[in-house]
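Trainee: Quick one: the structure is below, questions incoming.
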Amino acid sequence: MGKLLLVTLLASGLSGLVANVANATSDKTNAQQQQQWRATAERIRTTYDSNFVRLSRGAQNHYAVRMYRLTGELYYAQQAATEVHQITDRLNMYAEHIHDRDWRLQQSKAMIERIRKTPRGKLRRAVLQDTQDKRFALFLIYQMAKLNEYGLRHPAHQLFVDYINTVQLYELLMSSSFIHAYAAQVANYVYWLKELKISDWTDDLKAAFLRAYPDDQDSKLSKREFNNKLYGLTHIILADSQYYQHTVSKQEHAWILDYFEQRQQRIVKHSKEDVQAEVGLCFLLAGLNNHPTLLAMQDAINNAVDEEKNMVLSVKGSDDLSTGEHRNVLAYALLNWPETLFQGPHLLEHRQLKGKVPIVYRQ
């Protein structure tokens, strides 16, 4: 009996030792993997930092704001500040003409005509036909939200709010046809309206989205439709975080995170790299930093970075820096997620940036 007990204790101790060694080996492998991913992210950052002046204006603004929120480095906030002047000039013009219904209709018509004639573009043109000045109202919300992200409000802010309150946007935004055409953007509009304290339709968005894209109909979705659904779902979480300014509730968004987990293999196999990166970022924003689906997306994106170009190329192999900026800043964030996210940049709170802000915001 004593010998049996001794053997049992030795076996138990050996099992524990093996388990400890296995855990230590696993931790070391994970640490090495994380280090490799961070190194890949820095290669992407070097590519874009060194070519920043070659980016289009829109790509410069998008990259600089995201990188500020991920790093807190004032350099990026300084680059982003130039966008405020562009937005302010545009809103000055809007304030002058906003009471003119014909002018608003003309603006909407021009915006719709500029939509590209792609399959998605045709959907968007169709859903916006006969919507009067709603396209203009949506773009106005976007411009106001951009200023709000910088901690600013245009002097005509209340005038714009009063106008938006007269436009019946709820039925358009919650319609399945609009979500099919603008799955990602509808989340933006809904959360921007909340942030601007105009309307809060965030609770209604889930039901509207599931009406447009019921989960039990996924097998009928084409590759393009599946990617559009994924874009919409990721943007609900990204918009709730105000685009990497703070974390989100994993409980509130469990229905989305569970969906991603259940569709993990299909996402890796049938979605583009920017979608995969956004899916992974949703888990990071929810604080699920070791989730298997996140790790799968990080591995896929790390492997997608071109060894020579030091960036994620397009599905067609293009290395155009401006058109590739979106997926590459996402890849950077996914592979080098910070411990702290930074809000803003709120330009008036930084002495070095306050002088770059138009004088109307400094009075």
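Trainee: Which of the residues belonging to segment 197-228 are assigned to a loop (DSSP other than H, G, I, E, B) and in contact with a Ser or Thr (Cβ under 9 Å, 6 or more places away or on another chain)?
Mentor: The answer is 213, and nothing else.
Trainee: Within segment 308-363, track down each residue that is assigned to a helix (DSSP H, G or I) and either among the small types (Gly, Ala, Ser) or modelled with pLDDT under 95 (or both).
Mentor: 331, 333, 347, 348, 349, 351, 352, 353, 354, 359, 360, 361
Trainee: Is it the case that residue 237 is assigned by TED's automatic domain parsing to the domain that holds residue 295, at pLDDT 95 or above and assigned to a helix (DSSP H, G or I)?
Mentor: Spelling it out, residue 237 is indeed assigned by TED's automatic domain parsing to the domain that holds residue 295, at pLDDT 95 or above and assigned to a helix (DSSP H, G or I).
Trainee: Return the residues of segment 285-300 that are assigned to a helix (DSSP H, G or I) and either in contact with a Ser or Thr (Cβ under 8 Å, 6 or more places away or on another chain) or buried (at least 23 other Cβ atoms within 10 Å of the Cβ) (or both); say none if nothing qualifies.
Mentor: Residues of segment 285-300 that are assigned to a helix (DSSP H, G or I), as a first pass: 285, 292-300.
Passing the criteria: 285, 294, 297, 298.
Trainee: Check segment 251-272 and report whether any residue there is under 25 Å from residue 40 (Cα atoms), out of contact with any Cys (no Cβ under 8 Å at 6 or more places or on another chain), assigned to a loop (DSSP other than H, G, I, E, B) and of a type outside the set (Lys, Arg).
Mentor: yes
Trainee: While we're here: Restricting attention to segment 136-152, does a residue exist that is free of Cβ contacts under 8 Å to residues at least 24 places away in the same chain, out of contact with any Cys (no Cβ under 6 Å at 6 or more places or on another chain) and either assigned by TED's automatic domain parsing to the domain that holds residue 329 or assigned to a helix (DSSP H, G or I) (or both)?
Mentor: Taking segment 136-152 as the starting set, the residues that turn out to be free of Cβ contacts under 8 Å to residues at least 24 places away in the same chain are none.
Taking every residue of segment 136-152 in turn, none turns out to be free of Cβ contacts under 8 Å to residues at least 24 places away in the same chain, out of contact with any Cys (no Cβ under 6 Å at 6 or more places or on another chain) and either assigned by TED's automatic domain parsing to the domain that holds residue 329 or assigned to a helix (DSSP H, G or I) (or both).
Trainee: Would a scan of segment 198-217 turn up a residue that is closer than 24 Å to residue 92 by Cβ, touching a residue at least 12 places away in the same chain (Cβ under 8 Å) and more than 23 Å from the chain's Cα centre (by Cα)?
Mentor: The answer is no, given that none of the residues of segment 198-217 is closer than 24 Å to residue 92 by Cβ, touching a residue at least 12 places away in the same chain (Cβ under 8 Å) and more than 23 Å from the chain's Cα centre (by Cα).
The values are calculated or read from the model by the stated rules, or taken from the named source; none is laboratory data. Computed from a predicted model, the values in this text were never measured in an experiment. Ideal geometry is used to build each Cβ from the backbone, glycine not excepted, and the neighbour counts take in all protein chains shown.
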